[in-house]
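The values are calculated or read from the model by the stated rules, or taken from the named source; none is laboratory data. Please read all numbers here as calculations on a predicted model, not as lab measurements. Cβ atoms come from the backbone with ideal geometry, glycine included; neighbour counts cover every protein chain shown.
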Amino acid sequence: MSFYNYIFIYSIFFKGEKIPKCWLQFENTLKELKKEKNIIEYCEVEKIASNYGIFDRIELAQAIQFLHDLGSLMHFNNEFLSNKVILI
C-alpha cells in the first residue's frame, strides 16, 4: 500500500498510529448500517469489509479489534458471541 492509503490517527489512545484508510471507510459504512440495526452477523461484516479490500481474515480481525478499541463496535471472540458484532 502506498503512503496515501494510510491515515495517521491522533487521539488519546492511538496517537500517531498509522492505519489503513480502508478501515475508516469500513467504519463509516458500519456507522450507516447502525441506523438500521444494532447487531449484525459476523459473516455480514466480512462481506462489507470485502467491499473495501479487506479480504484477509487476520487483517479483518485487526480492523475489528481496532474499531472495538475505538468504541465504534463491540466484538468478543468467544464461543458464544464471536458470530455477532454490536454496532455502537
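Can you find a residue in region 78-88 that is at pLDDT below 95 and at positive phi?
No, because not a single residue in region 78-88 is at pLDDT below 95 and at positive phi.
Which of the residues belonging to region 45-75 are surrounded by 12 or more Cβ atoms within 10 Å (Cβ to Cβ) and aromatic (Phe, Trp, Tyr)?
If the condition is that a residue be surrounded by 12 or more Cβ atoms within 10 Å (Cβ to Cβ) and aromatic (Phe, Trp, Tyr), then 52, 66 are the ones that fit.
How many residues does region 1-33 contain that are at pLDDT below 95, out of contact with any Lys or Arg (no Cβ under 6 Å at 6 or more places or on another chain) and exposed (fewer than 13 other Cβ atoms within 10 Å of the Cβ)?
Number satisfying all stated conditions: 11.
Output the number of residues of region 20-41 satisfying the condition of being in contact with a helix residue (DSSP H, G or I) (Cβ under 9 Å, 6 or more places away or on another chain) and of a type in the set (Asp, Glu).
Here the count works out to 1.
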